[in-house]
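Chemist: The structure is given below, and queries will be raised subsequently.
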Amino acid sequence: MNGPAMGAGLDLACMCDMRIASDKARFSETFVKLGLISGIGGAWFLPRVIGHSRAAEMAFSGRVIDAPAALRYGLVSEVVADDELLDRTHALAAEIAANSGLALRYTKRLLRLSERSELSSSLEATAALQTLAHLSDEHRESVERYLKAQRSAKRPA
């Protein structure tokens with residue numbers, strides 16, 4: 001976020017898996033100031049992102065918070081200078097994209113499942129998805145690349 005994320009903008013931001021803010025970003029759940037409530041899931045997303053107490057504080061007050069407060073609340077994972085935001089987000093995206101798409105999809109599925117299940121259910125799903133991952137071409141190719149890199153690192157120059 002590089003500017004105001006207010007009302008529906010904040011709700012949309014909460015739908016994201018990760019959030020990085022510029023030092024100029026501002027956040028508010030403004031609906032109460034207009035005699036409204038969030039209509040796109042903010043009451044569901046915001047408490048899952050920052051916890052019930054902080055979500056209630058933001059939703060009941062309509063107060064605007066700055067990027068450092070959003071970082072303290074856990075609303076964003078990082079705050080960077082405004083002119084560094086695009087480079088930082090591209091770097092993170094490249095770091096993520098370098099990983100197995102299959103493993104990323106399975107990991108996201110498990111993270112979402114764990115929000116609403118018992119540990120035993122999560123472990124069962126983990127075992128099933130891990131089995132599928134072990135049988136995938138992506139796993140086999142990743143292991144081959146890793147072993148090749150290890151062999152290359154051990155060769156004398």
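Chemist: Return only the number of the condition from (1) in a helix (DSSP H, G or I); (2) farther than 30 Å from R145 by Cα that R112 does not satisfy.
Modeler: (2)
Chemist: Still on this structure, I have one more. Across region 25-43, what is the number of residues that are assigned to a loop (DSSP other than H, G, I, E, B) and either farther than 10 Å from C14 by Cβ or out of contact with any Cys (no Cβ under 9 Å at 6 or more places or on another chain) (or both)?
Modeler: Adding up the residues that qualify gives 8.
Chemist: Okay, next question. Considering only region 1-24, how many residues are assigned to a loop (DSSP other than H, G, I, E, B) and either closer than 14 Å to A69 by Cα or open to solvent by 40 Å² or more (accessible area, probe 1.4 Å) (or both)? Walk me through it before giving the result.
Modeler: The first filter runs over region 1-24 and keeps only residues assigned to a loop (DSSP other than H, G, I, E, B), leaving 1-3, 7, 15-19, 23-24.
Restricting the remaining residues to those that are either closer than 14 Å to A69 by Cα or open to solvent by 40 Å² or more (accessible area, probe 1.4 Å) (or both) gives 1-2, 15-19, 23-24.
Residues in region 1-24 being assigned to a loop (DSSP other than H, G, I, E, B) and either closer than 14 Å to A69 by Cα or open to solvent by 40 Å² or more (accessible area, probe 1.4 Å) (or both): 9 in total.
Chemist: Residue by residue through region 49-104, note down the ones that are open to solvent by less than 70 Å² (accessible area, probe 1.4 Å), among the hydrophobic types (A, V, I, L, M, F, W, C) and in a loop (DSSP other than H, G, I, E, B).
Modeler: Residues satisfying the conditions are L75, V76, A81.
Chemist: Then there is this: Do we find that M6 is modelled with pLDDT of 95 or more and under 14 Å from the mean Cα position of the chain (by Cα) in this structure? So that I can check it myself, show each step before the final result.
Modeler: Details: modelled with pLDDT of 95 or more: yes; under 14 Å from the mean Cα position of the chain (by Cα): no.
Taking the combined requirement at face value, the residue does not satisfy it.
Chemist: Report, by residue number, each residue of region 105-122 that is of a type outside the set (D, E, K, R) and exposed (fewer than 13 other Cβ atoms within 10 Å of the Cβ).
Modeler: Selection gives L111, L119, S120, S121.
Chemist: Still on this structure, please answer the following. Can we say R145 is open to solvent by 80 Å² or more (accessible area, probe 1.4 Å) and either without any contact (Cβ under 8 Å) to a residue 24 or more places away in the chain or touching a Leu at 6+ places or on another chain (Cβ under 9 Å) (or both)?
Modeler: When the stated conditions are applied, R145 passes them.
Chemist: A follow-up question, please. List the pairs whose first member sits in region 51-78 and is farther than 12 Å from S28 by Cα, whose second member is assigned to a loop (DSSP other than H, G, I, E, B) and aliphatic (A, V, I, L, M), and whose Cβ atoms are under 8 Å apart, counting only residues at least 6 apart or on separate chains?
Modeler: Cβ pairs passing all conditions: V76/M1; V76/A25; S77/M18.
Chemist: Checking the structure you have, find out if any residue of region 30-39 is exposed (fewer than 14 other Cβ atoms within 10 Å of the Cβ) and of a type in the set (F, W, Y).
Modeler: no
Chemist: I'm trying to understand the selection: among the residues of region 43-74, which are within 14 Å of G7 (Cα to Cα) and touching a helix residue (DSSP H, G or I) at 6+ places or on another chain (Cβ under 6 Å)?
Modeler: F45, L46, A55, G62
The values are calculated or read from the model by the stated rules, or taken from the named source; none is laboratory data. What you are looking at is a predicted structure, and each value in this text was computed from that prediction instead of being measured. When we count neighbours, we look across all protein chains shown, and the Cβ atoms used for this are built from the backbone with ideal geometry, even at glycine. Ligands, DNA and RNA are stripped out before the accessible areas are found, and what is left, the full protein with its side chains, is counted by its heavy atoms. Shrake-Rupley method; radii C 1.70, N 1.55, O 1.52, S 1.80 Å.
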